[in-house]
Amino acid sequence: MRIKIINPNTTWSMTEKIGACARSVARSGTEIVAVSPSMGPASIESHYDEALAVPGLLQEIAAGERDGFDGYVIACFGDPGLKAARELARGPVVGIAEAAMHLASLVGSSFSVVTTLGRTVGQAWHLAEAYGMKRFCANVRACEIPVLELEAPGSRARDRIIDECRRALDEDGSDVIVLGCAGMADFCEHIGQVLGVPVVDGVAAGTQLIESLVSLRLATSKRGELARPLPKPMTGLLQDFALAPQPPSLKRAA
Ligand code: 2AL
């Protein structure tokens, strides 16, 4: 199967890291293609960044449909554009926050999310609520490391995340950690070994969930809310986003 992992920010060093993490957990027959959009913010750590990341992300979904991908992972912890992507794609689409929270809920009594900047904490709570995961979510904590600093050699990012995880386990009453940024994926194994509790990285969780959905032939239902968007004119910078009417043969299949 062919899975497209979209890092909705435009920092390709992070995209390559995400691709390597996905490949390290994917089945032997799975092809992983990791991309960033051609336009958008370098990192996503505000509602503004998130909104502006979505058009480029949707272009990548549309290109993926033309290239015949079987499923998609949106590799940013805000799960930007998830429902729009589901409308556009024939195959399944998962976001890393929903993937990580769902898997975390299966391996403990409650989880703490440890994320980047404090200003992203509200969005993580919002997603926990929207996904029905709030009752498993003991807390959302930030280590005040900007996304792009996760990769900076002198940032001591991994140790600072471990310190925050320790505080989470001590103070929140949780027994599982969810890493709140795709840029933390390469820290997951080490942090799990140091803490001795399950640590869930959404890139790995999302990759394996998509593999499961594709192999079970479970794709987004096209019966109602998540049907393909209706064709209509789009104006200005968005004119290339206008969808063509679907030929009747495809309509029946959908
Ligand atoms: C993220 C993420 O996963 N990618 C990005 O650019 N921002 N999440 C976060 N909480 O900062």
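Quick look at the values:
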{"read-out": "Per-region count, segment 48-60, residues more than 12 Å from the ligand (Cβ to nearest atom) and either more than 20 Å from K4 (Cβ to Cβ) or touching a strand residue (DSSP E or B) at 6+ places or on another chain (Cβ under 6 Å) (or both)", "value": "3"}
{"read-out": "Matching residues in segment 160-209 - criterion: being in a helix (DSSP H, G or I), more than 23 Å from A20 (Cα to Cα) and of a type in the set (G, A, S)", "value": "A168"}
{"read-out": "Residue that is surrounded by the fewest Cβ atoms within 10 Å (Cβ to Cβ) [pool: residues in segment 12-34 that are touching a residue at least 60 places away in the same chain (Cβ under 8 Å) and of a type in the set (D, E, K, R)]", "value": "R27"}
{"read-out": "Filter pass, S155 being within 14 Å of I177 (Cβ to Cβ) and surrounded by fewer than 18 Cβ atoms within 10 Å (Cβ to Cβ)", "value": "no"}
{"read-out": "R90 being touching a helix residue (DSSP H, G or I) at 6+ places or on another chain (Cβ under 8 Å) and basic (K, R)", "value": "yes"}
{"read-out": "Exclusive hit being open to solvent by 60 Å² or more (accessible area, probe 1.4 Å), farther than 23 Å from G206 by Cα and within 14 Å of the ligand (Cβ to nearest atom), set E171, E149, E164", "value": "E149"}
{"read-out": "Evaluation of G122 against (1) surrounded by 14 or more Cβ atoms within 10 Å (Cβ to Cβ); (2) under 17 Å from the mean Cα position of the chain (by Cα); (3) in a helix (DSSP H, G or I) (one fails), failing number", "value": "(1)"}
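This table checks each residue for (1) farther than 23 Å from A97 by Cβ; (2) of a type in the set (D, E, K, R); (3) in contact with an Asp or Glu (Cβ under 7 Å, 6 or more places away or on another chain).
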site: P198; (1), (2), (3): no, no, no
site: G206; (1), (2), (3): no, no, no
site: L209; (1), (2), (3): no, no, no
site: S212; (1), (2), (3): no, no, no
site: R217; (1), (2), (3): yes, yes, no
site: L230; (1), (2), (3): yes, no, no
site: P233; (1), (2), (3): yes, no, no
site: L237; (1), (2), (3): yes, no, no
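The values are calculated or read from the model by the stated rules, or taken from the named source; none is laboratory data. Note that the structure is predicted; figures quoted are calculated from it, not measured. We place every Cβ from the backbone using ideal geometry, glycine too, and count neighbours over all the protein chains shown. Calculation scope for accessible area: heavy atoms of the full protein, side chains included, ligands and nucleic acids excluded. Shrake-Rupley method; radii C 1.70, N 1.55, O 1.52, S 1.80 Å.
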